[in-house]
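Notes follow the structure.
Readers should treat all values here as calculations from the given coordinates under stated rules, not as data from a laboratory. All values reported here derive from a predicted model rather than from experimental measurement. No Cβ is skipped: glycine too gets one built from the backbone with ideal geometry, and neighbour counts run over all protein chains shown.
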Amino acid sequence: MSYFEQRTPPTRDQRLSIGDSFAGTGCGALDCAKEGCMQQKGRRFWQAGMCQMSLSLMMAVTVENSVIIMHAPIGCGSMLIPLGISAAKGKMKRGKAPAGPIWLSTNLKESDVIGGGEKNLRETILYADREFHPEIIFVVSTCAPSIIGDDVEEIVRSVGAGTEAQVTAIHCPGFKSRVVASAYDSFYHSLFSHIQLEPIPYKDYQPVERSDPDYSMKIRRFNAQKQMTVNLFNATSIGSQDEAELTRLMCAIGLNVRVYAEFCSAGELRMMSFAGLNVSMCNVHDDYILKYLQDKYSIPYIICGMPIGISATKAWLLEIAEHYGLADKARSLIESEEEQLNAALEPLLPQIKGRRVLISGGVIRSMSEALMLNELGMEVVGVDAAHYDSEADPVLHSFSDELPEIPFAISSQLYEAINQIKKLKPDLTIAHNGTHGWLARAGITSMQLFDTDKPFFGYAGIYRFVRRMIFALKNTSYSDRLAEHVKLPYKKDWYDKDPFHYITG
Ligand code: SF4
């Protein structure tokens, strides 16, 4: 049975080669993964980790006209409070009503853990359907029901058959995977298991009637329209300005673009199978659904790194253009865009040249930004990637070729990053949101690795990124004053040790 037919999704630990603990270089990481030692590695001490459920929630909360049911103890839903705000903002930026999420919890207690939570779940689904009339109900299946064995899939199937809303389940118990990227697969599995991804004739499109005297001309036009439509897959960390920049570039070579799957309604999701090509913006985010769409609807896909930086944007756009035989058109667009960008960057680059940067965060984004900064003349002194999985290998190969000597770690551990900062003394750190504030406490100017309010991708992204770095490097008063007044929670002897002292295997 293929993964796509399973009732619950596989974790990345099952379907890919993964890792969460490594220190060395990019080449060393590739060798370690090839030899199978990456999976054996671990730590004797962990400061904190993330739960895959929170990343699945980040995606589900963006879906329009949906209700989320946390099948969980009440605490698992706490993430929905901040996520609701960012989802509403994201909807507004995409021209949609900025509605906050409606979410309910089955509020599992000790007695439910003993007696089972299935009755609560059935009643909550029916209540959500009756009370809120959503288009989609996501049941988020967390650790507790997964451990006690609630048959969430059977409830979703049987109760969902009688509801107005489409009901699906996201199986994402935190304990099940070492890498939070499993969350993306869990969300996508929930979409293709129970949510309609095919357009409805006369509702979503006007079919061409056989009796139409222009049938063959109209059907050719219909098929051409489908072929020239590209589904661009987004991610919670990718802002609307980045989507707009890539859409602008693809439209400029004659393609139609639709953006999936976040911030979509049920009607938009139904159009997902009406496309000639699926394109990802991140190697470790979408391969699962792209492979499903190829398997089920024969839609080819392209996963070609993250379009951050001049070379990466060029490679990304050319790969798509080549698929359509539009490479010449893309080359002249790229030439003109690069010419304008280089003129705009000319007075700025001397201000960042040679400045030392440490980068940490998501595996693809941190390596992509490192490659871009290297390309712009900065000195990358280290990269800490939050996880490793084999889908990241193409970018890891480019990174190892361009920056073979610099320290590369698989680490999401703050205590390791702070120790590294004290030793490497970079001018700037670029770190995952939520982490960069801690790095600033160490007295180093810190920027966010991603920020959905600001552009990073394509040509507009490069220019704006450089402007932000110049500002951050010029005005260091925030981190200087923070470091003066805030004490870090680590003992002095921790800084005498190697940053990756606790990694084993
Ligand atoms: S690890 Fe399990 S119990 Fe904890 S928040 Fe995640 S799903 Fe809930």
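For Arg248, what is the net charge nearby, where nearby means another residue's Cβ is under 11 Å from its Cβ and Lys, Arg count +1, Asp, Glu -1? Spell out each step's value before the answer.
Values: positive: none; negative: Asp242, Glu243, Glu245, Glu337.
Around Arg248, the charge tally is -4.
Return the distance in nm (one decimal) between the two label points of a simple spin-label model at Asp328 and His397, each offset 7 Å from Cα along Cα→Cβ.
About 3.0 nm, to one decimal.
Projected onto the charge dipole of the chain (+1 at Lys/Arg Cβ, -1 at Asp/Glu Cβ, origin at the Cα centre), which of Ser311, Gln351, Gly149 gives the Cα projection farthest towards the positive end?
About the Cα centre, the residue reaching furthest to the positive side is Gln351.
If the limit is 31 Å between Cα atoms, which of Lys91/Lys474; Lys96/Lys353; Lys91/Lys314; Lys41/Lys491; Lys34/Lys497 go over it?
Details: Lys91/Lys474 34 Å; Lys96/Lys353 41 Å; Lys91/Lys314 29 Å; Lys41/Lys491 25 Å; Lys34/Lys497 29 Å.
Pairs exceeding the cut-off: Lys91/Lys474; Lys96/Lys353.
Expected output is a single nm value to one decimal: the length gained when fully extending between Lys34 and Arg221, i.e. 0.36 nm times separation in residues minus the C-alpha distance. What is it?
Gain in length upon complete extension: 62.6 nm.
Given R₀ = 45 Å, what would the calculated FRET efficiency be for Tyr3 paired with Ile81, taking r from the Cβ atoms and rounding to 0.05?
So, using R0 = 45 Å, E works out to roughly 0.85.
For the chain, state the semi-axes of the equivalent ellipsoid (square roots of 5 times the eigenvalues of the alpha-carbon gyration tensor), sorted largest first and rounded to whole angstrom.
Rounded to whole Å, the semi-axes are 37, 32, 20.
Return the FRET efficiency for the residue pair Asp451, Lys425: r is the Cβ-Cβ distance, R0 is 25 Å, and the value is rounded to the nearest 0.05.
0.50
Relative contact order, percent, of region 59-118 when contacts are C-alpha pairs under 8 Å separated by at least 6 residues?
In percent, rounded to a whole number, it is 42.
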